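Asks: A single structure is presented below for examination.
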Amino acid sequence: MSEPVLLVEKTGEIAIVTLNRPTAMNALSRELRSAIAKTVDELEADPGVRVMILTGSGKAFCAGLDLKELGQKGLSNPNDTITQGDPVRSLGKFSGPIIGAINGVAITGGFELALACDVLIASPNARFADTHARVGVMPGWGLSQKLSRAIGIYRAKELSLTGNFLSAQQAADWGLVNRVVNHEEQLLPTCLQLARDMLSVLPEMLVSYKAVIDEGFAQSFGDGMQTEQRRARAANVAVSPEEVEKRRAGIQARGKSQV
C-alpha cells in the first residue's frame, strides 16, 4: 500500500501538515493539491486546531508543480491545471496562523506555497528559487506580486528574471524568512514553540488580528488604516476595563518571565 501524499499530525491545538512525496521532492501533483484542499477544509472545521505548521518530508520543502505530470498532460487548459486545485487559495481558507517550516528547497510553486504561510522559519538547508521564466509558465498563485512586497521589487526581479537560488541566510537577510535555525533538527521544535506562543494569546485575537493584517496588506496604506480603524471600533467597544486590567497583569507577569 502506498504512503499518503499528505500527512497530518495533531499535537494539542497544533496541526503539523507534511507534504509527503519525498522521491518527487514533494512536487504538487493533482493528487497532492486535492489532498491539501481537503485537509485544510477539515482543519478549519475542527475547533480543536488553531495553528498549522506546514513542512515537507525528505530533503525538499516543495519543488512546485509536478513537471512530469504536466509534461504528460500539458497546459492546454490552464484553468483546470493551475487555478483549479490552487494550494495557495486552499491554505488561505485556514483562519489561524500558518507557520512554514522550510526544511529544504522551495522552488517556483513551492516558493508560492511558502509565501502563503504567515511566518517562515528556515532550516540551513532551505533554498528558494523562482524558475517560472525558465520553464515558460507564468505564475498563477501570487508569486509575482507577493515576492516584491516581501523583499522589494529590485530583489524580486533579480530572483524571478534569473531563476537563481536564494540561500536560507540570504533569505533571512532580505527579510523573506523570520529566521534560520542553527541545525536542521531544531526546525520543528522551533516552530512548535512559536505555535505555542501564538496559542497563548486571546483565542479570538489570533484569528481577528491575522485577518486585519492580511486585509490591510492587500490595500493601499490609507485604505489599510481605515480598515484597522473600522475593525477596532467594532471590536474594542466590547472590551471592559476589568478585562483590560486582568490582561495587563498577565502581560506584566509574562514580561518578567522572559527577561
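Asks: Where does the charge balance sit around Q226 when Lys and Arg score +1, Asp and Glu -1, over other residues with C-beta under 12 Å from its C-beta?
Replies: Net charge around Q226: 0.
Asks: In degrees from 0 to 90, rounded to the nearest 10, what is the angle of the helix 241-257 Cα long axis to the longest principal axis of the chain?
Replies: Its long axis makes an angle of about 60 degrees.
Asks: Would you mind calculating the gained length between D46 and V8 on full extension (0.36 nm times residue separation, minus the Cα-Cα distance), in nm to one decimal?
Replies: 12.4 nm
Asks: How fast does the stretch 164-259 diffuse by Stokes-Einstein, in µm²/s, taking the Kirkwood radius from C-alpha pairs at 4 °C and 1.567 mPa s?
Replies: 77
Asks: What FRET efficiency comes out for S167 versus E31 if R0 is 41 angstrom and r is the Cβ-Cβ distance? Round to the nearest 0.05.
Replies: Efficiency computed from Cβ-Cβ geometry: 0.85.
Asks: What are the principal axis extents of the Cα atoms in the chain, in Å, biggest first?
Replies: 64, 45, 35
Asks: Also, quick follow-up: What percent antiparallel are the DSSP beta bridges of the chain, to the nearest 5?
Replies: Here the antiparallel bridges make up roughly 30 percent for the chain.
Asks: Have a look at F221, F111, F94 and tell me which one the Gaussian network model of the chain (Cα, springs below 10 Å) gives the largest fluctuation.
Replies: Fluctuation is largest for F221.
Asks: Here's another thing I want to ask about it. Between L67 and R254, what FRET efficiency comes out of the Förster formula 1/(1 + (r/R0)^6) with R0 = 30 Å and r the beta carbon distance, rounded to 0.05?
Replies: Computed FRET efficiency for R254 and L67 comes out at 0.05.
Asks: For n ≥ 4 DSSP H runs only, could you compute -39500 (n - 2.57) per run for the chain, divide by its residues and tell me the 222 nm figure to the nearest 500?
Replies: Calculated at 222 nm, the ellipticity per residue is -14500 deg cm²/dmol.
Asks: Quote to one decimal, in nm, the extra length available between M225 and V237 on full extension: 0.36 nm per residue of separation minus the C-alpha distance between them.
Replies: 2.5 nm
Asks: HN-Hα J couplings of the stretch 120-126 from phi, Karplus 6.51/-1.76/1.60, θ = phi - 60°, integer Hz, Gly and Pro as x?
Replies: Listing the rounded values in order: 10, 10, 10, 6, x, 7, 5 Hz.
Asks: Could you sort 30-42, 98-110 so that the peptide with the highest average Cβ count within 10 Å comes first and the rest follow in order?
Replies: Packing proxy ranking, top to bottom: 98-110, 30-42.
Asks: Provide the net charge surrounding N178, with neighbours chosen by a C-beta distance below 14 Å and charges set as Lys +1, Arg +1, Asp -1, Glu -1.
Replies: Counting the neighbours of N178, the net charge comes to -2.
Asks: Return the single residue from V237, V180, V119 with maximal mean-square fluctuation; model: Gaussian network over the chain, springs between Cα atoms under 10 Å.
Replies: Comparing V237, V180, V119 in a Gaussian network model of the chain, the most mobile one is V237.
Taken together, the values in this text are just the output of simple stated rules run on the coordinates, not laboratory data. None of these values were measured; they are calculated from a predicted model. In this analysis, Cβ positions are derived from the backbone assuming ideal geometry, glycine residues included, and neighbour counts consider all displayed protein chains.
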